[in-house]
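Asks: A single structure is presented below for examination.
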Amino acid sequence: MSRSSITDWERETRWREEARFFDSVAARHSQRIEAIDPLVLARYGPPSPRRRFSLEYRFRLLGSLQNRDVLDTGCGDGTNSILLAKLGARVTGVDISPASIELARRRASINALEGSTQFICSPLETADFPPNSFDVIWCDAVLHHLISDLDSLLTRFVKWARPGGLVLLAEPVNLNRLLRRIRFLVPVKTNATPDERPLERPELAIIQRYFPEWHFRHFLLFARLDRFLFLNRNYEHSPRFRRVLSDALAIVDYGLLSLPGARNLGGTAVIAGRVKK
């Protein structure tokens, strides 16, 4: 669906539905706000993180965050924003959900990061920042909610980033239709907004127009089983045998998804592009 085919009424309806959905998610998490776990900082901070998991891989690509300005698009309850700020960045988070923004501000306060974070409640499509404001645009599973506005959003990202700035995306992808059909046969409950879907080849082609020299890496084939390994998806405090099994699945994925004949089996992709102006 092209941008021109979306009416203002349809877009505003989507905004209300997504705000309501993520407000409900924030309400479920509101009782578990605490200072960031030192084990999490150790996992993603220097020296260079491992690269077998998507989030570790992204922090490895970022390198040092000291005194860098980062825009966390679709920041949710601020989990990534706080981690980025703890590692030295000045972080601006933007999200459509008022309840999520409130949680993000509470997280910043608990972690004594009010001076290096700010959070703005706004649809990403109408957020407004001066040109050349950020060294990094961080986008974690956001664009697949906003496919109809993909061109417009990428134009904004390029405008907001400084020359040489990094746009770092992590999105669900669907590049193998058979695997997608099999996935729908597995009775696994997922939380999803009504109009979201993985990015497909046409959307990836749009992204590559903006970043012709992109860095593209597939993740999440066998590592999908992590959902069955960890209570509340908590890696750091899970028993050692569960962490070892998770690491093994990720290592197999990393190797297998490097092969030309298998890489399109990945369920998510990390896409990194430098802004040239």
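The values are calculated or read from the model by the stated rules, or taken from the named source; none is laboratory data. Computed from a prediction, not measured in an experiment: that's the story for all the values here. In this analysis, Cβ positions are derived from the backbone assuming ideal geometry, glycine residues included, and neighbour counts consider all displayed protein chains. Quick note on the areas: whole protein, heavy atoms, side chains included, nothing else; ligands and nucleic acids left out. Shrake-Rupley method; radii C 1.70, N 1.55, O 1.52, S 1.80 Å.
Asks: Any chance segment 134-141 includes a residue that's within 29 Å of Phe53 (Cα to Cα), open to solvent by 20 Å² or more (accessible area, probe 1.4 Å) and not hydrophobic (A, V, I, L, M, F, W, C)?
Replies: Checked against the condition, which is being within 29 Å of Phe53 (Cα to Cα), open to solvent by 20 Å² or more (accessible area, probe 1.4 Å) and not hydrophobic (A, V, I, L, M, F, W, C), segment 134-141 yields at least one hit.
Asks: Sticking with this structure for a sec: With the checklist (1) assigned to a loop (DSSP other than H, G, I, E, B); (2) in contact (Cβ under 8 Å) with a residue 40 or more places away in the chain in hand, flag the one item Arg32 doesn't pass.
Replies: Here Arg32 meets the rest and fails (2).
Asks: Among the residues of segment 198-216, count how many are buried (at least 20 other Cβ atoms within 10 Å of the Cβ) and either over 19 Å from Gly266 (Cα atoms) or free of Cβ contacts under 8 Å to residues at least 12 places away in the same chain (or both).
Replies: Qualifying residue count for the region: 1.
Asks: Looking at this structure, is Leu154 at pLDDT 95 or above and part of a helix (DSSP H, G or I)?
Replies: In short, yes.
Asks: I would also like to ask the following. Mind listing just one residue for me: the one in segment 81-116 that is touching a strand residue (DSSP E or B) at 6+ places or on another chain (Cβ under 6 Å) and either open to solvent by 20 Å² or more (accessible area, probe 1.4 Å) or of a type in the set (Phe, Trp, Tyr) (or both) and, of those, farthest from Val142 (Cα to Cα)?
Replies: Ser116
Asks: Give all pairs with beta carbons closer than 9 Å in which a residue from segment 74-95 that is over 21 Å from His145 (Cβ atoms) and in a loop (DSSP other than H, G, I, E, B) meets a residue that is basic (Lys, Arg) and open to solvent by 10 Å² or more (accessible area, probe 1.4 Å); count only pairs at least 6 apart in sequence or on separate chains.
Replies: Gly88/Arg68; Ala89/Arg68
Listed here are the residues, each with its yes/no results for (1) hydrophobic (A, V, I, L, M, F, W, C); (2) part of a helix (DSSP H, G or I); (3) modelled with pLDDT of 95 or more.
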{"residue": "Val158", "(1), (2), (3)": "yes, yes, yes"}
{"residue": "Pro163", "(1), (2), (3)": "no, no, yes"}
{"residue": "Leu168", "(1), (2), (3)": "yes, no, yes"}
{"residue": "Arg181", "(1), (2), (3)": "no, yes, no"}
{"residue": "Thr190", "(1), (2), (3)": "no, no, no"}
{"residue": "Gln208", "(1), (2), (3)": "no, yes, yes"}
{"residue": "Arg224", "(1), (2), (3)": "no, yes, no"}
{"residue": "Arg227", "(1), (2), (3)": "no, yes, no"}
{"residue": "Ala248", "(1), (2), (3)": "yes, yes, yes"}
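Asks: Could you give me the residue pairs with C-beta distances under 6 Å whose first residue belongs to segment 105-130 and is aliphatic (A, V, I, L, M), whose second residue is assigned to a loop (DSSP other than H, G, I, E, B) and surrounded by fewer than 15 Cβ atoms within 10 Å (Cβ to Cβ) wherever it lies, and which are 6+ apart or on separate chains?
Replies: Ile110/Ala35
Asks: Could you please find all residues in segment 212-238 being touching a strand residue (DSSP E or B) at 6+ places or on another chain (Cβ under 7 Å) and at positive phi?
Replies: Leu220
Asks: Follow-up question, since we're still on this one. Evaluate segment 119-129: report whether one residue or more is hydrophobic (A, V, I, L, M, F, W, C), over 20 Å from Glu34 (Cα atoms) and open to solvent by less than 10 Å² (accessible area, probe 1.4 Å).
Replies: yes
Asks: Here's something else I'd like to know. Taking the condition modelled with pLDDT under 95 and among the charged types (D, E, K, R), does Arg51 pass?
Replies: Judged against the criteria, Arg51 is a match.
Asks: Taking interchain pairs and intrachain pairs at least six residues apart, which have beta carbon atoms under 6 angstrom, with the first residue in segment 217-243 and closer than 13 Å to Phe53 by Cβ and β-branched (Val, Ile, Thr) and the second open to solvent by less than 90 Å² (accessible area, probe 1.4 Å) and in a helix (DSSP H, G or I)?
Replies: That search, which allows pairs on different chains as well, returns nothing.
Asks: Of all the residues that make up segment 1-57, how many are open to solvent by 60 Å² or more (accessible area, probe 1.4 Å), polar (S, T, N, Q) and under 14 Å from Glu102 (Cα atoms)?
Replies: Here the count works out to 1.
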